[in-house]
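See below for the structure under consideration.
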Amino acid sequence: MKRRTVLAAISVGALTGWTGSGHAQQHGPVRRIEVLMGGLSEGDSAGLAELAAFKEELKGLGWAPGRNVTIDVHWPGADIERVRQLAAAVAGSPPHLVLSRSTPATVALRNEAPSLPTVFVLVAEPIESGIVHSLVRPGGSVTGFTNFEGSIGAKWLELLKEISPSLTRVAVLHNPRTAPFAPAFMRSVEAGAQALGVEVVPAPVVDDIGIENAIAAIGRTSGGGLIGITDTFVNERRQLIIELAARYRVPAVYANRSFTPDGGLIAFAADYPDLFRRAASYVDRILKGTDPGELPVQQPTRFELSINMATARALGLEVPASLLARADEIIE
């Protein structure tokens with residue numbers, strides 16, 4: 001059952017374009033927006049929901065494809081080289097603005113076209129990743145919306161310990177190539193682990209074999225568990241990770257809500273469609289002349305706790321009533 005529906009229904013029109021005039025008429029030349037959906041392959045349901053939220057909000061601000069704006073969407077997946085190629089292609093034929101999803105996509109765009117107006121979404125540590133100089137005054141041509149900040153790592157560990165009280169050792173799964181911000185999360189997890197009596201094991205991986213080796217290793221540990229951080233590589237391979245966690249009987253917490261409908265145990269994440277809705281306001285302001293460097297980087301204001309009860313039962317876990325009461329979504 002669902003306690004709260006994040007995006008109850010997505011109309012075909014919301015995904016492909018709109019009719020009608022919106023709340024405000026925009027005049028002048030047609031503006032071109034390029035969208036780089038880093039970390040996702042074309043057709044990904046979570047990505048379509050995010051994109052629909054962005055387009056619907058943009059529509060409400062008076063921007064309609066075919067009338068005053070064009071929106072081209074690119075789906076590079078988590079392949080770093082593919083991300084770079086698409087970033088270079090976008091830079092070679094510069095649009096009026098780029099909406100960039102994920103840290104790797106945003107870093108690639110900044111490297112290829114540092115003066116191109118860019119609004120990022122789902123960048124975990126924009127200062128540590130070298131994307132902006134300051135959250136309050138980013139400077140340059142880039143600003144946007146983070147999905148987490150480093151201290152969230154302790155919260156993930158706390159939730160995993162709550163649902164799996166026997167937890168004594170946890171592996172933190174990430175790809176150092178796509179998650180250069182991972183050290184910030186590791187520090188937070190380690191700080192929380194001291195109070196909970198849990199040992200933290202970094203689990204850097206770069207391919208599917210590495211993922212299986214890491215999960216198998218923590219599965220052989222009594223009281224082992226897994227944290228899948230907010231990493232485009234981890235997210236793209238969510239089905240593999242979920243299947244391996246089930247095979248090796250490893251309780252896991254994830255930083256993306258899309259894991260739990262597919263069989264992940266528990267997720268605590270920012271409301272990604274909400275961040276895309278908020279990004280539309282920055283796109284609107286920049287297209288109307290606001291300097292991106294003057295718009296502060298904003299953090300998420302809405303988080304979701306999602307629990308898959310079938311997975312909990314398969315792992316022999318009894319979910320505490322206190323945890324159920326706090327859940328936004330319970331999947332039976």
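Things to note:
- Helix 103-112 and the long axis of the chain differ in direction by around 40°, with both axes built from C-alpha atoms.
- Compared with the dominant Cα axis of the chain, that is its longest principal axis, helix 272-287 is turned about 20°.
- Residues 151, 100, 164, 322 arranged by fewest to most Cβ contacts within 10 Å: 322, 151, 164, 100
- Secondary structure note: in region 177-332, about 40% of the DSSP beta bridges are antiparallel.
- Helical runs (DSSP H, four residues minimum) scored at -39500 (n - 2.57) apiece and divided by the length of the chain put the mean residue ellipticity at 222 nm at -11500 deg cm²/dmol.
- Order of 284, 72 under a 10 Å beta carbon neighbour criterion, fewest first: 72, 284
- DSSP assigns beta bridges within region 263-332; of those with both partners inside it, close to 60 percent run antiparallel.
- Folded to 0 to 90 degrees: helix 238-247 orientation relative to the chain principal axis, Cα: 10
- Length released on extending from residue 294 to residue 206, taking residue separation times 0.36 nm less the Cα-Cα span: 28.0 nm
- Spatial separation of Cα centroids for region 126-176 and region 218-288, in angstrom: 12
- Phi-based couplings in Hz for region 44-55 (Karplus 6.51, -1.76, 1.60; Gly and Pro marked x): 4, 5, 5, x, 5, 5, 5, 5, 4, 5, 4, 5
- Cα Rg, Dmax, the chain, angstrom units: 20.0, 65
- This ranking places 304, 243 by how few other beta-carbon atoms lie within 10 Å of each, fewest first, which gives 243, 304.
- Max mean-square fluctuation residue, GNM over the chain, Cα-Cα springs under 10 Å, options 232, 143, 168: 168
- Listed residues 88, 279, 171, most fluctuating in the chain (Gaussian network, C-alpha, under 10 Å): 88
- Within the chain, percent of DSSP bridges classed antiparallel, to nearest 5: 10
- Förster radius 35 Å - calculated FRET efficiency between residue 247 and residue 88, Cβ distance, rounded to 0.05: 0.35
- A Cβ-based charge dipole, computed about the Cα centre of the chain with Lys and Arg at +1 and Asp and Glu at -1, lands at about 440 debye.
- Contact order for the chain, expressed relative to its length and based on alpha carbon pairs under 8 Å spaced 6+ residues apart, stands at 20 percent.
Values quoted throughout were computed directly from the atomic coordinates according to the rules given, and no laboratory measurement underlies them. Everything numeric here is computed off the predicted structure, so don't read it as measured data. Here Cβ is always computed from backbone atoms with ideal geometry, including for glycine, and neighbour counts include all displayed protein chains.
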